[in-house]
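A quick write-up on the structure given underneath.
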Amino acid sequence: MRLFWWLCWLLPMTAVALDDPSQLAYPVLDAKQAVADGNIEFVGIQLQDELITPGLTPAQRNELEQQYPIRALNRRWKTFDNIEEDKTLLQNYRAYALKYNLTLLEQMRLHKRRQLQKYRY
């Protein structure tokens, strides 16, 4: 019974932790790990009427959108106040997304080059 109450208490805390800005501390390491795991997805920021992807030009975004998913960093944006009102959080999301997307592009390019040179004699 004690375990049940403990889980009931812990469950809402994990839902809050999903939007915790402290989880956005290491964009370069996160991008390198994503490429190493083969879990490639770009990140963006969901605003009220659009999804912005810092670090990607519109041409790159259109090309990459067909091959890879774009995940919104602020997943629960509809349940909270508009992110545009919180300038520091928006800046943190932009900085993380910019570093993550640029590092992911670079790591994908390096990974592709390593795969081509892997079996050369």
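Give segment 39-55 a look and list any residue that's small (Gly, Ala, Ser) and assigned to a strand (DSSP E or B), or say none. Scanning segment 39-55 gives a single hit, Gly44. Taking the listed residues Pro58, Pro12, the one that is more than 12 Å from the chain's Cα centre (by Cα), loosely packed, with under 10 Cβ neighbours inside 10 Å and at pLDDT 90 or above is Pro58, with no other qualifying.
Among the residues of segment 21-34, those that are modelled with pLDDT of 90 or more and among the hydrophobic types (A, V, I, L, M, F, W, C) comprise Val28, Leu29, Ala31, Ala34. Residues in segment 96-119 that are more than 16 Å from the chain's Cα centre (by Cα), farther than 14 Å from Gln33 by Cα and assigned to a helix (DSSP H, G or I) were compared, and the one that is modelled with the highest pLDDT is Arg109. Of the residues Ile45, Ile40, the single one that is in contact with a Lys or Arg (Cβ under 7 Å, 6 or more places away or on another chain), surrounded by 10 or more Cβ atoms within 10 Å (Cβ to Cβ) and at pLDDT 75 or above is Ile45. Of the residues making up segment 74-84, one or more are more than 19 Å from Val28 (Cα to Cα) and in a helix (DSSP H, G or I).
The values are calculated or read from the model by the stated rules, or taken from the named source; none is laboratory data. From a predicted model like this one, the values you see are computed outputs, not experimental measurements. No Cβ is skipped: glycine too gets one built from the backbone with ideal geometry, and neighbour counts run over all protein chains shown.
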